[in-house]
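The values are calculated or read from the model by the stated rules, or taken from the named source; none is laboratory data. It should be emphasised that the depicted structure is a prediction, and the values quoted were computed from it without experimental measurement. Positions of Cβ are generated from backbone atoms using ideal geometry, with glycine treated the same way; all protein chains shown enter the neighbour counts. What goes into the accessible areas is simple: the full protein's heavy atoms, side chains included, and nothing from ligands, DNA or RNA. Shrake-Rupley method; radii C 1.70, N 1.55, O 1.52, S 1.80 Å.
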Amino acid sequence: MLDLAITGGQVVTPQGAGHWDIGIQGERIVSVALPGTLEKAGRTIDARGKVVVPGGVEPHTHLAHFISMHPDEDNHTLGPEDDTRGMVFGGTTTHVDFCFVRPGTSVQQAIEQRAARWKGNSYADYSFHVALQGQLAIPVFDQLQDAIAEGFPSFKVFTVNVLPPHPRRHPYRLDFGRIKLAMEKVAQHGGIMVVHAEDEDLVQFNYEKFREEKRSEGWLLPEVHTKLSEKLAFRRTITLAEATGAGVYFVHTSAREGVEAVGEARAKGLPIYAETLHHYACFTADDYRTPRGFCYHTYPSLKFADDQAALWEGLLRDGVSTTATDEFPTSLELKLRGQDLENVTGGNLGAEARMGIVWSEGVQKRGMSLERFVCVTSANAAKILGFWPKKGALVPGADADVVLIDPSIRKTLQKSDFHVSDYSPWEGWNVQGWPVTTILRGKVVVADGKLFGSTSDGRLVTRKIDPVVLRRTSA
Ligand SMILES: [Zn+2]
């Protein structure tokens with residue numbers, strides 16, 4: 001007898017969408033079968049009228065993270081015990097956060113410290129990118145091989161010190177020499193680079209220039225974190241990747257220039273992948289001037305309508321592989337505390353809304369196929385970061401992470417639709433379709449607007465990237 005059956009829904013599998021029933025035994029999917037052919041189940045969920053997709057994979061979060069925009073205060077973003085509650089309400093069952101390796105820390109220590117913080121504190125499954133920051137000693141890079149072997153194959157680097165030089169903050173940037181060394185290691189041992197790519201010289205010069213001119217308004221952000229900066233840094237990174245044989249996953253692509261650079265690399269068959277944020281696809285730099293404008297901000301910056309067109313083109317067809325949030329949950333007061341170039345708070349709040357917004361804006365409004373929706377909300381992130389096919393696929397043998405979307409829901413989102421912090425940037429946004437049921441490894445964690453999950457449900461998931469994903473364009 002099955003533990004759980006999901007019947008009557010339109011199911012999106014890697015082979016296409018159709019009407020199938022899903023059988024679940026314990027934590028795994030054991031069958032995807034013709035309607036009415038499953039054996040008996042202890043519990044059956046009627047999915048008629050719903051679209052059944054894999055649980056969302058959120059590839060980019062910063063939970064329990066020091067808020068370095070205000071370095072003189074000891075503030076942190078909300079932790080997994082708060083933020084992942086929203087994720088499971090919104091259909092996301094797996095997220096990838098970061099552990100930070102700075103001079104004096106080993107990779108192993110960084111992973112262990114974060115894993116201890118998450119254990120017993122997450123409603124959703126999780127893993128960590130290993131972030132390499134600052135003047136790391138060269139022997140540290142020998143530790144990458146072990147991290148990959150232990151199931152942590154993605155390494156985050158910044159080509160830029162994202163924030164302005166005033167006030168002083170710990171350095172984010174890794175120099176291109178060290179990035180090249182990291183690329184050599186990942187190419188050799190089966191890892192991938194996760195790159196925040198902006199041009200250090202242009203960005204830091206722009207901060208200096210605006211300071212000199214005594215222009216400090218936060219809405220100048222796209223003139224500091226410019227389209228040209230994205231173009232230079234993406235192309236420089238791709239050139240280095242091609243020379244070393246490394247795969248690259250560009251986080252939060254914001255501009256047409258980034259999409260084009262990635263598109264050219266993919267046309268050559270290189271293993272280059274772009275992420276964008278649903279915030280970047282839906283808000284523009286004009287929104288900075290609205291009363292709550294900075295609640296839509298994260299770095300690099302919101303851009304312009306033409307950039308959004310390129311991002312949607314990439315999401316709908318090819319070239320932008322994933323949607324992420326760059327989740328950085330704070331209170332509204334903290335998020336809006338700084339409104340100037342030098343103290344505006346980066347990061348978004350919207351992991352909960354990601355699946356619903358991409359559904360509504362992509363599938364309903366722009367004709368995104370159901371298969372492509374699954375690619376950009378779970379499957380591609382699972383492939384690129386090494387969860388596949390355990391996560392991101394409704395196939396026998398996969399973890400039973402399943403989400404039901406009700407495409408008939410029409411509503412204007414309100415604060416009461418969300419379960420994290422005291423605001424959502426998506427309040428007032430009109431949607432059609434929204435996730436209604438979330439299943440994590442066979443356990444119904446959200447249904448009928450109620451939470452049945454707990455912070456002891458989420459588990460650390462080790463990863464291994466399919467070598468094909470690292471050899472040529474694959475997702
Ligand atoms: Zn980030």
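Divide the volume of the convex hull of the Cα atoms of segment 101-256 by its number of residues and quote the answer in cubic angstrom per residue. Don't skip to the answer; put the middle values down first.
Numbers: hull volume 21.8 nm³, N = 156.
Once divided by residue count, the hull of segment 101-256 is 140 Å³.
Mean residue ellipticity at 222 nm from the helices of the chain, using -39,500 (n - 2.57) per DSSP H segment of n ≥ 4 over the full residue count, to the nearest 500 deg cm²/dmol? Before the final figure, lay out each step's value.
On the way: 15 runs with 131 residues, N = 475.
Using -39500 (n - 2.57) per qualifying helix, the result is -7500 deg cm²/dmol.
For the chain, with all protein chains present and a 1.4 Å probe, just round the carbon and sulfur fraction of the accessible area to a whole percent. All intermediate terms of the calculation are to be shown ahead of the outcome.
On the way: 8530 of 17090 Å².
Within the chain, the accessible surface is 50 percent carbon and sulfur.
Using the crude model of +1 on Lys and Arg Cβ and -1 on Asp and Glu Cβ, and no other charge, please compute the dipole size for the chain relative to its Cα centre, in debye to 20.
Values: 52 positive and 58 negative charges, 169 e Å.
Roughly 820 debye for the chain.
Can you tell me the order of 462-471, 389-398 when each peptide is scored by its average per-residue count of other Cβ atoms within 10 angstrom, highest first?
The packing order, highest mean first, is 389-398, 462-471.
Compute the whole-percent fraction of alpha carbon pairs in the chain spaced more than 30 Å apart.
Numbers: 46194 of 112575 pairs.
Looking at the chain, the distances longer than 30 Å represent 41 percent of pairs.
Suppose R0 equals 25 Å; then what is the FRET efficiency for Arg317 and Glu242 from their Cβ-Cβ distance, rounded to the nearest 0.05? Kindly include the intermediate steps, with their values, before the conclusion.
Working: r = 23 Å, r/R0 = 0.93.
E between Arg317 and Glu242, to the nearest 0.05, is 0.60.
Within a Cβ distance under 15 Å of Met69, other residues only, what is the Lys/Arg minus Asp/Glu net charge? Don't skip to the end; give the middle numbers.
Working: positive: Arg168, Arg169, Lys335, Arg337; negative: Asp72, Glu73, Asp74, Asp326, Glu333, Asp340, Glu342.
That works out to -3.
At each listed q (0.25 Å⁻¹), what is the log10 of I(q)/I(0) that the Debye formula gives for segment 378-453 modelled as equal alpha-carbon point scatterers?
Result of the Debye calculation: -1.11.
Specify which residue in the list Pro80, Ser321, Gly258 is farthest towards the positive end of the charge dipole of the chain, using unit charges on the beta carbon of Lys, Arg (+1) and Asp, Glu (-1), about the Cα centre.
Ser321
Rolling a 1.4 Å sphere over the protein heavy atoms, what is the accessible area per residue of the chain, to the nearest Å²? It would help to have the intermediate numbers written out before the result.
Numbers: 17090 Å² over 475 residues.
Counting only protein heavy atoms, the per-residue value for the chain is 36 Å².
Compute the long axis of helix 80-89 from its Cα atoms, compare it with the longest principal axis of the Cα atoms of the chain, and write down the angle in degrees, 0 to 90, nearest 10.
Helix 80-89 sits at roughly 50 degrees to that axis.
Tally Lys and Arg at +1 and Asp and Glu at -1 over the other residues with C-beta under 14 Å from the C-beta of His19: what net charge comes out?
Once all neighbours under 14 Å are counted, the net charge is 0.
Return the sequence-ordered ³J(HN,Hα) values of segment 37-52 in whole Hz as given by the Karplus equation 6.51 cos²θ - 1.76 cosθ + 1.60 applied to θ = phi - 60°, using x for Gly and Pro.
Here the 3J(HN,Hα) series is 9, 6, 5, 4, 10, x, 9, 10, 9, 7, 9, 4, x, 10, 9, 10 Hz.
What figure in square angstrom, to the nearest 10, would you give for the accessible area of Thr412 with a 1.4 Å probe?
About 70 Å², ignoring ligands and nucleic acids.
I'd like the per residue volume of the convex hull spanned by the Cα atoms of segment 72-158, given in cubic angstrom.
119 Å³
With r defined as the distance between the Cβ atoms of Arg211 and Phe176 and R0 fixed at 25 Å, what FRET efficiency is calculated, to the nearest 0.05? Spell out each step's value before the answer.
Working: r = 26 Å, r/R0 = 1.04.
Efficiency, rounded to the nearest 0.05: 0.45.
Using r as the Cβ-Cβ distance of Ala309 and Glu39, and R0 as 41 Å, what FRET efficiency do you calculate, to the nearest 0.05? All intermediate terms of the calculation are to be shown ahead of the outcome.
Numbers: r = 49 Å, r/R0 = 1.19.
Efficiency, rounded to the nearest 0.05: 0.25.
Students often check this: by mean Cβ neighbours within 10 Å, which of 402-408, 146-152 ranks highest, and how do the rest follow? Mind showing how you got there, number by number?
Values: 402-408: 21.0, 146-152: 18.6.
Top to bottom by mean Cβ count within 10 Å: 402-408, 146-152.
Let me check the size of segment 330-427 from its C-alpha atoms; what are the radius of gyration and Dmax in Å?
Considering segment 330-427 through its Cα atoms, Rg and Dmax are 16.7, 52 Å.
Determine the relative contact order of segment 21-165: mean sequence separation of Cα pairs under 8 Å and six or more apart, normalised by residue count, in whole percent. Before the final figure, lay out the partial values.
Details: 181 pairs, mean separation 25.9, N = 145.
Normalised by residue count, the contact order of segment 21-165 is 18 percent.
Dipole size in debye (nearest 20) for segment 1-48 around its Cα centre, Lys and Arg Cβ +1, Asp and Glu Cβ -1? Display every interim value, and only then the final one.
Working: 4 positive and 5 negative charges, 10 e Å.
Around 40 debye, computed over segment 1-48.
In the chain, what % of DSSP beta bridges are antiparallel (nearest 5)?
Working: 32 of 70 bridges.
Looking only at bridges with both residues in the chain, the antiparallel portion is about 45 percent.
Net charge near Lys415, counting Lys/Arg +1 and Asp/Glu -1 over other residues with Cβ under 14 Å of its Cβ?
-2
Per residue, how big is the convex hull of segment 235-319 when only Cα atoms are used? Give it in Å³. Intermediate results must be reported in sequence, preceding the final value.
Details: hull volume 6.7 nm³, N = 85.
Considering the Cα atoms of segment 235-319, their hull volume per residue is 79 Å³.
Cross-link partners among aspartates and glutamates for Lys40, C-alpha distance below 16 Å, same-chain residues fewer than 8 apart left out?
Asp3, Asp21
Which of the lysines could be linked to Lys185 by a straight reach, that is with a Cα gap under 19 Å, when you skip same-chain ones fewer than 8 residues away?
Lys156, Lys464
For segment 238-332, with only Lys/Arg (+1) and Asp/Glu (-1) charged at the beta-carbon, what is the dipole magnitude about the Cα centre, in debye rounded to 20?
Values: 7 positive and 13 negative charges, 17 e Å.
So the dipole magnitude of segment 238-332 works out to roughly 80 debye.
Just the ratio, please: alpha-carbon radius of gyration of segment 34-182 over 2.2 N^0.38 Å, N its number of residues. It would help to have the intermediate numbers written out before the result.
Numbers: Rg = 19.7 Å, N = 149, 2.2 N^0.38 = 14.7 Å.
That works out to 1.34 for segment 34-182.
Below 23 Å, Cα to Cα, which lysines can Lys335 reach? Residues fewer than 8 away in the same chain don't count.
Lys303, Lys415
I'd like to compare 369-375, 172-178, 73-79, 324-330: which one has the highest average count of other Cβ atoms within 10 Å, and what's the full order after that? Before the final figure, lay out each step's value.
Details: 369-375: 20.0, 172-178: 17.7, 73-79: 15.3, 324-330: 26.3.
By packing density, highest mean first, the sequence is 324-330, 369-375, 172-178, 73-79.
Using Cα atoms only, what is the angle between the long axis of helix 227-244 and the major principal axis of the chain, expressed in degrees (0 to 90) to the nearest 10?
80 degrees
If one takes the longest principal axis of the Cα atoms in the chain, at what angle in degrees, from 0 to 90 and to the nearest 10, does the Cα axis of helix 256-267 lie?
Helix 256-267 sits at roughly 70 degrees to that axis.
Under 17 Å from a point placed 7 Å out from the Cα of Thr412 along the Cα-to-Cβ direction: which residues of segment 265-309 have their backbone N that close?
It comes to 291-292, nothing else.
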